[in-house]
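All remarks here apply to the structure that follows.
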Amino acid sequence: MPGSARILAAGELRRLLAHADQTRHPLRDRCIVLLSFKAALRACEIAGLDWIMVTLASRSCPGSIMIERKISKSGRKRQIPLHPQLGQALKELHASYGCPQRGPVIRSERGQGPMTPASVVNWFGATYAKLGMAGCSSHSGRRTFITHAARILPKSGGSLRDIQELAGHRSLAMTSIYIEGQSTLQRKLVSLL
């Protein structure tokens, strides 16, 4: 359930990334974190992501990830623009693999094939436990992405529909479940009325 995964503060995300950089597979692990927090991917989408679905940024085109129906929980295709930090991490990982045209983006521990969705869930669980981040799960990145996107939405000129499409939800009602309120922001909002 999305409501059971807590969102992370910016400092906690930096701590999570610093930890990923110290693991046996730092490039892969940094990408796992960023695919969750900067692209709102589910564990099944992280595990199923193939290089054919990734367009790395170049001078002529912006980078993006095309989530195909076969890896999407909802069975719906969607395109997600690459956050610069995620784009850089993917470029480094791609180069470390020898720049393949196809193949899993997130490889298993032995590098023989893709990580499974369960392995991605377990990776997040073990990492959060090691860092003492109670209440976090593989869904924390999605919740963090969706909540932060909703908070900065007025600056972008976008709508909740844009967040819904990025998250791959069938309805705005589902997207709204992911958005966590904050009492200090609510007070500020009321004071502006």
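Every read-out reported here was derived from the displayed coordinates using simple, explicitly stated rules and does not represent laboratory data. In this text, all values refer to a predicted model and were calculated from it rather than measured experimentally. FYI the Cβ positions are ideal-geometry reconstructions off the backbone, even for glycines, and counts take in every protein chain you see.
Just to confirm the number: angle between the C-alpha axis of helix 84-96 and the first principal axis of the chain, 0 to 90 degrees, nearest 10?
10
Checking the cross-link filter: which lysines have an alpha carbon closer than 22 Å to that of residue 91, excluding same-chain neighbours under 8 positions apart?
Straight-line reach from residue 91, under 22 Å: 38.
Assuming R0 = 25 Å, can you tell me the calculated FRET efficiency for the pair residue 126 and residue 96, based on Cβ-Cβ distance, to the nearest 0.05? Intermediate values should be presented prior to the final figure.
Values: r = 23 Å, r/R0 = 0.91.
After rounding to 0.05, the efficiency reads 0.65.
Most fluctuating residue of 152, 163, 65 in a GNM of the chain with Cα springs under 10 Å: which is it?
152
Normalising by the residue count of the stretch 1-147, find the relative contact order in percent from Cα pairs under 8 Å and 6+ residues apart. Kindly include the intermediate steps, with their values, before the conclusion.
Working: 218 pairs, mean separation 52.2, N = 147.
Relative contact order comes out at 35 percent.
Just the Kirkwood number for the chain, please: inverse of mean 1/r across all distinct Cα pairs, in Å, one decimal.
Every distinct Cα pair counted, the radius reaches 17.3 Å.
Of the candidates 24, 142, 59, which one comes out as most mobile in a Gaussian network treatment of the chain with C-alpha springs shorter than 10 Å?
In the Gaussian network model the winner is 59.
Test of understanding: what is the full-extension gain from residue 134 to residue 174, defined as 0.36 nm times their sequence separation minus their Cα-Cα distance?
On the way: separation 40, 0.36 × 40 = 14.40 nm, distance 2.41 nm.
Taking 0.36 nm per residue and subtracting the Cα distance, the gain is 12.0 nm.
Just the ratio, please: alpha-carbon radius of gyration of the stretch 1-84 over 2.2 N^0.38 Å, N its number of residues. Working shown, then result.
Values: Rg = 13.9 Å, N = 84, 2.2 N^0.38 = 11.8 Å.
The value comes to 1.17.
If r is the Cβ-Cβ distance from residue 85 to residue 162 and R0 is 25 Å, what FRET efficiency results, to the nearest 0.05?
Values: r = 20 Å, r/R0 = 0.80.
It comes out at approximately 0.80.
Scan around residue 50 for amide H atoms under 5 Å from its own, H built in the peptide plane at 1.01 Å from N, and keep only partners 5 or more places away or cross-chain.
Counting only residues 5 or more places away or on other chains, the set is 105.
How much length would be gained if the chain were fully extended between residue 21 and residue 66, taking 0.36 nm per residue of separation minus their Cα-Cα distance, in nm to one decimal? List each step's numbers first, then the result.
On the way: separation 45, 0.36 × 45 = 16.20 nm, distance 2.61 nm.
Value of the extension gain: 13.6 nm.
For a quick check, take a GNM of the chain with Cα springs below 10 Å and name the residue from 111, 168, 181 with the largest mean-square fluctuation.
Result for the chain, Cα springs under 10 Å: 181 fluctuates most.
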